[in-house]
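Where a number appears in this text, it was derived from the coordinates with a stated rule and is not lab data. Only a predicted model underlies this, so the values are computations on that prediction, with no experimental measurement involved. Cβ sites come from the backbone with ideal geometry, for glycine too, and all protein chains shown count toward neighbours.
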Amino acid sequence: MSVLINSTAKIKILGQERKETETKGKGIFNNMEIEAGQANSFMWRESPLFWVIDNRLKNEKGIELEFWNHRFLKDIYDDFTPTQVVRKAAQVGFTTLKVLKSFNAAYYRNWNIIYLLPTFSAVQETIPSKVNALITNNPILSGWIKDKDSVFQKKVGKGFIYYRGTFANRIESEKLESGVGITLSADALIMDEADRSDQAILEQYESRLKASDYRGKWYFSNPSNPHTLSQKVWAESDQKHWFVKCGNGHWQYLDFFKNIQNGKFVCETCQKEITDEQRRNGQWIKKYLNRDISGYWISHLICPWISAEQIQKEYETKTRQYFYNFVLGLPYVGSDVALNKDIILRNIDISEPNWQKNNVLGCDSGLKKHWVLGNKQGIFRIGVADKWEEIEELIKIYDIETCVLDALPDLTEPRKLRDKYLGKVWLNYYKPEIKKADFISWDYKTRTVYSDRTKIIQQVIDDLVERKIRFQLKPEDLETYIKHWEAVYKIVEKNNLGIERDVWKTSGTEDHFVHATNYFRLALEKGQKEGTEIKSWIKEDKINTGLAPDISKIAEKSGRQYEL
């Protein structure tokens, strides 16, 4: 069915020049006897994209929205899959998309919508500067909103949009819930910056959808770490990637580590330069065909107004966490943040372990004692002991040179071992912000070592990413070990003085092997001071430590969807 759309000027839209067209009082659909107003309502209900185009909507700055450079957004405007998720880079026009799409759904579908932002203060800042500005700049929106207009709710036609924050102190919470409260119901939840929101509150709000037939859950965020709710939803989605075709016909999605060379975008296969027009003319391809959740990944590499040189400069001047989260639109799990299964498994060394000398042991205490055993060649045994006698047996059998034990919570048995094996067994206390450059302090009088918890975890991660610590174990022997590492992620918090500091958190599961590895690394550190050197066993020019999607095949034709 061809469609004629009212326009007063030539507009570059959907990748084509759209010329002036005229309609003669009848429907906008050819061969359909429908009044123009009814046709518009039907079309605009089904396609928020055409609603935006036909009404020439403007952003909060008063600039008309365009899809010449933002072509990758057009499918998302019209996507009404109930559960959808977008992991995205910064400043790609997405908040504007979701705000406009929420207005469209509230008016044409009579939906009630809860729009969630990370904090109460974010609601107070975003609604006036973004939402109210969009209403002011677009007459069709201001005509829809006549009453019930406040920072926390908008009445749009017969529908309502409620704006809420997930983090709030007691006074703020009382203000927030005074009008409608947690008893409100909705047809859709829009979770803006979901990764930086209170994850438990996001899940609680899902209960507000039970009375709806649609039950929409729309997540979008600059990713922070792979354990957030939105990233778990992404893992279950169809994971659409923006594929582009080079001049020689090779289809591919753009990867920073493969497609940027010498300040230019190049084809991974033939090295031919990829132009801005080719980036602009891409299309979404599903990684998984038979999944019900709709997922999109938007990085700056698919934004034709951002050059390869700009992206390369960001890589060289920004922190890795910033680069992955806000430029690549990926959670960062490299040496700055967290480990994943692939990083650990690639450090497996199949050579025969040498456990004859220089063995060290790290042990995390508790009801069960998790231990890590090895030497500078690698970790060759890990395990869990019920009794301290088992740990002492390891010290004897493997002639342990240095053993570091968790000093807490057991106040008795670790001290007995320290005193019995004087000079071999050390007790560790985590102590934040040790005023030493190497963040480790050895007390030779008491055989005690003080270490900065966050910094020693980071040191271990750095060593694993740089392949300085090997595992002379089988993959199946590391399953629980990997789960403990995957439960740990880093956030930035302010201390009592308002100074930002990295703090490690655990996502609700055990992390004992993480600390056992810390103590193993401290024992190696002790040996390093006495001549044991820790070196990388594999050299790499550039290590990609992000969660870049792994798509092994490339689409051969552009008109279909492929399971890649």
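Give the calculated FRET efficiency between Lys387 and Val503 to the nearest 0.05, with a Förster radius of 45 Å applied to their Cβ-Cβ distance.
0.85
Distance between the modelled labels on Val492 and Asn354, one decimal in nanometres: 4.4 nm (7 Å Cα→Cβ projection). Peptides 409-422, 358-371 ordered by packing proxy, namely the average of other Cβ atoms within 10 Å per residue, highest first: 358-371, 409-422.
Compactness of region 36-102 is given as radius of gyration and Dmax, 12.4, 39 Å, from Cα positions. For Lys217, the amide hydrogen comes within under 5 Å of the amide hydrogens of Thr83, Gln84, Leu189, counting only partners 5 or more places away or on other chains and with H modelled in the peptide plane.
Once you've got the Cα coordinates, tell me which of Lys369/Lys490; Lys88/Lys505; Lys368/Lys474; Lys286/Lys474; Lys258/Lys286; Lys445/Lys526 are over 27 Å apart. Each step should come with its number before you reach the end.
Details: Lys369/Lys490 25 Å; Lys88/Lys505 24 Å; Lys368/Lys474 23 Å; Lys286/Lys474 34 Å; Lys258/Lys286 20 Å; Lys445/Lys526 15 Å.
Beyond 27 Å between Cα atoms: Lys286/Lys474.
Where does the Debye-calculated log10 I(q)/I(0) of region 404-476 sit at q = 0.14, 0.18, 0.22 Å⁻¹, using only Cα point scatterers of equal weight, no solvent? Values, matching the q order: -0.57, -0.84, -1.00. Across region 149-155, coupling constants 3J(HN,Hα) worked out from phi with the 6.51/-1.76/1.60 Karplus curve, θ = phi - 60°, read 10, 8, 5, 9, 7, 10, 8 Hz, and Gly and Pro carry x. For region 341-528, a Kirkwood hydrodynamic radius built from all Cα pairs, placed in the Stokes-Einstein relation at 37 °C and 0.692 mPa s, yields a translational diffusion coefficient of 195 µm²/s.
What full-extension length gain, to one decimal in nm, is calculated for Lys431 and Thr269 as 0.36 nm per residue of separation minus the Cα-Cα distance? Walk me through the numbers before you get to the answer.
Details: separation 162, 0.36 × 162 = 58.32 nm, distance 5.06 nm.
Computed gain between Lys431 and Thr269 is 53.3 nm.
Using 0.36 nm times the number of residues separating Ser129 and Arg320, minus their current alpha carbon distance, what extension gain do you get? Provide the component values of the computation, followed by the final result.
Numbers: separation 191, 0.36 × 191 = 68.76 nm, distance 3.00 nm.
Roughly 65.8 nm would be gained on extension.
The Rg/Rh ratio of region 205-317, with Rg taken over Cα atoms and Rh as the Kirkwood radius over Cα pairs, comes to 1.07.
With R₀ fixed at 56 Å, the C-beta to C-beta distance from Arg45 to Lys474 puts the FRET efficiency at about 0.45. What would the Debye formula give as log10 I(q)/I(0) at q = 0.16, 0.18 Å⁻¹ for the alpha-carbon point model of region 371-449, no solvent? For the requested q values the scattering log ratios are -0.66, -0.83. Across all directions, the shadow cast by the convex hull of region 68-110 built on its C-alpha atoms averages 3.5 square nanometres. Annotation for Asn248 and Asp410: the two label points, set 7 Å from Cα along the Cα-Cβ direction, are 6.2 nm apart.
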